[in-house]
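The values are calculated or read from the model by the stated rules, or taken from the named source; none is laboratory data. As the structure is a computational prediction, the values presented were derived from the model and not from experiment. Note that we place each Cβ from the backbone using ideal geometry, even for glycine, and neighbour counts take in every protein chain shown. Protein only, heavy atoms only, side chains kept; ligands, DNA and RNA dropped before computing areas. Shrake-Rupley method; radii C 1.70, N 1.55, O 1.52, S 1.80 Å.
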Amino acid sequence: MTDISQNPVPDTPVKIALVTGASRGIGAALALALAKTHHVVAVARTTGALEELDDRIQAQGGAATLAPLDVTNEGAMQHLCLSIFERWGHIDTWVHTAIHGAPLAPAGHVDTKDFDKSIACNLTATQRLITYVAPLLSIAPDGKAVFLDDDAAGKSFFGSYGASKAAQMALVRSWQAETVKTGPKVIIHQPAPMPSSLRARFFPGEDRTKLMDAEGQAARVMDLLK
């Protein structure tokens, strides 16, 4: 990753959007939508997918900074947020879509490594990112954070994903309640089923023609950000 703190600061204020989990699906769709009005800092593990996203953003006249990083890497996330502060001084919008979907399994047969990875990505990384990003959102005049909810908790075979996602949303809802008067504004949205690679693993053989595409879901989120 290029050290973005070394780039010259522009003369005019720039709106900054941080998208964690930007390489595909609704994360990529939201990065594209936000790039129409923001400079996007796109975070994901897959460099190739980020480069494809950057090409699409540039094609529509926008600009992005690519950060091929793992959100579970605490030091990398600290450095990223410090670099954003040194480069721009704030974050206007944070969209968090990074997720780990462990393979489906009965609760009594959940793989320990899969469960630990689910907790690390879906819960622990979210908690740490809130700690690092919240001050940057608070500097902005109208900082907003967006999280995506899911109703998988308690469903058969969704132990790892459902438990870690429910814990993530419990944390986010606490932050949302705490910031009603002080900001930043915390937005929680539950998308309709989408034809994502994650859903394909969870529901193989499903008729994907009946699902809403990521761009349509992104448009709904953008309405919430207005």
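Could you give the length gained on full extension between Asp223 and Arg199, defined as 0.36 nm per residue of separation minus the Cα-Cα distance, in nm?
On the way: separation 24, 0.36 × 24 = 8.64 nm, distance 2.42 nm.
Full extension of this stretch gives 6.2 nm more.
For segment 73-152, the per residue solvent-accessible surface stands at 43 Å², with DNA, RNA and ligands left out and a 1.4 Å probe.
In the chain, the longest principal axis of the Cα atoms and the axis of helix 159-178 are about 40 degrees apart. Can you give me the orientation-averaged projected area of the convex hull built on the Cα atoms of segment 90-200, in nm²? Over every viewing direction, the Cα hull of segment 90-200 projects on average to 7.2 nm².
Once you order the gyration tensor axes a ≥ b ≥ c over the Cα atoms, which shape class does segment 157-226 get: rounded for a/c under 1.5, otherwise prolate or oblate by comparing a/b with b/c?
Details: a/c = 4.73, a/b = 1.47, b/c = 3.22.
It comes out oblate by the Cα gyration axes.
Segment 73-115 and segment 196-226 have Cα centres spaced 20 Å apart.
In this structure segment 12-54 gives 37 Å² per residue of accessible area when probed at 1.4 Å with all protein chains present. Treating the angle as unsigned and between 0 and 90°, give the value, to the nearest 10°, between the Cα long axis of helix 47-59 and the longest Cα principal axis of the chain. Approximately 50 degrees, to the nearest 10.
Diffusion coefficient (Stokes-Einstein, Kirkwood radius over C-alpha pairs, 4 °C, 1.567 mPa s) for segment 29-177: 79 µm²/s, rounded to a whole number. Charged neighbours of Cys121, selected by a Cβ distance under 13 Å, balance to +1 (K, R count +1; D, E count -1).
Taking 0.36 nm per residue of separation and subtracting the current Cα-Cα distance, fully stretching the chain between Lys185 and Ala105 would add 25.2 nm.
Peptides 86-99, 209-222, 133-146 ranked from most to least packed by the mean count of surrounding Cβ atoms within 10 Å: 86-99, 133-146, 209-222.
Against the main long axis of the alpha-carbon atoms of the chain, helix 125-139 sits at an angle near 30°.
Among 113-125, 17-29, the peptide with the highest mean count of other Cβ atoms within 10 Å heads the list, and the full ranking is 17-29, 113-125. How would you classify segment 41-121 from its alpha-carbon gyration tensor, with a ≥ b ≥ c the square roots of the eigenvalues: rounded for a/c under 1.5, else prolate if a/b is greater than b/c, otherwise oblate? Prolate shape, in that a/c is at least 1.5 and a/b is the bigger ratio.
Cβ-Cβ distance of Arg128 and Asp207, R₀ of 30 Å, FRET efficiency by 1/(1 + (r/R0)^6): the value works out to about 0.20. Distance check, please: which entries in Lys15/Lys185; Lys15/Lys165; Lys185/Lys226; Lys144/Lys165; Lys36/Lys181 exceed 19 angstrom between their Cα atoms? Long pairs (Cα-Cα over 19 Å): Lys15/Lys165; Lys144/Lys165; Lys36/Lys181.
What part of the accessible area of the chain, given as a whole %, is carbon or sulfur when the probe is 1.4 angstrom?
Numbers: 5890 of 11080 Å².
The value for the chain is 53 percent carbon and sulfur by accessible area.
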